[in-house]
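Here the structure comes first, spelled out in structure tokens, and everything after it is commentary.
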Amino acid sequence: QVQLVESGGGLVQAGGSLRLSCAASGRTFSMYAMGWFRQAPGKGREFVAAISSSGSTTYYADSLKGRFTISRDNAKNTMKLQMNNLKPEDTAVYYCGQRGSDVATVSSRGYDYWGQGTQVTVSS
């Protein structure tokens, strides 16, 4: 059974940084692409970043390029999201997802499994 567990969320002031982690178990982590999505109150799930199984290919939401960095460590079965220069509009629950493919995608419909989410709150 696949399990994804996010951690690292919290309350931070605007301009600050957070690093989210996603720990995966249940199947061979290095075979599957991963992604981060977020959902703010009253809004749909929004793509943040995605990474291929090898880590060689990454995608970012256009509005987040330059501030967020996705990475993975296949030896440790973990994926991370480094978030810098955070803004109040980044406030959301952040979810990690795992695909059933090695190819990264920006669509949430391409993900088979999801974590429970971690709250990120950015104060102004």
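Rolling a 1.4 angstrom probe over the protein chains, ignoring ligands and nucleic acids, what is the accessible area of residue 80 in square angstrom, nearest 10?
Using a 1.4 Å probe on the heavy atoms, I get roughly 60 Å².
So, how do all the Cα-to-Cα distances of segment 65-117 break down into 5 Å bins, in percent, from 0 on up?
Each 5 Å bin holds this share of Cα pairs: 4, 14, 22, 29, 20, 9, 2.
Have a look at 71, 30, 107 and tell me which one the Gaussian network model of the chain (Cα, springs below 10 Å) gives the largest fluctuation.
107
Mean shadow of segment 22-73, computed from the convex hull of its alpha carbons, in nm²?
Working: hull surface 17.8 nm².
Over every viewing direction, the Cα hull of segment 22-73 projects on average to 4.4 nm².
Give me the percent relative contact order of the chain, please, defined on Cα pairs under 8 angstrom at least 6 residues apart. Don't jump to the answer; show the numbers that get you there.
On the way: 331 pairs, mean separation 44.6, N = 124.
Relative contact order for the chain comes out at 36 percent.
For the chain, modelled as a Gaussian network with Cα springs under 10 Å, which listed residue fluctuates most, 75, 24, 50?
Greatest mean-square fluctuation among the candidates belongs to 75.
Below 20 Å, Cα to Cα, which aspartates and glutamates can residue 65 reach? Residues fewer than 8 away in the same chain don't count.
Of all the aspartates and glutamates, those that pass the test against residue 65 - Cα under 20 Å, at least 8 places apart if same chain - are 46, 89, 90.
Compute log10 of I(q)/I(0) for the chain with the Debye formula, placing one identical point scatterer on every Cα and leaving out solvent, at q = 0.12, 0.16, 0.19 Å⁻¹, to two decimals.
The Cα Debye sum returns log10 ratios of -0.38, -0.68, -0.96.
The values are calculated or read from the model by the stated rules, or taken from the named source; none is laboratory data. From a predicted model like this one, the values you see are computed outputs, not experimental measurements. All accessible areas refer to the heavy atoms of the entire protein, side chains included, with ligands and DNA or RNA removed. Shrake-Rupley method; radii C 1.70, N 1.55, O 1.52, S 1.80 Å.
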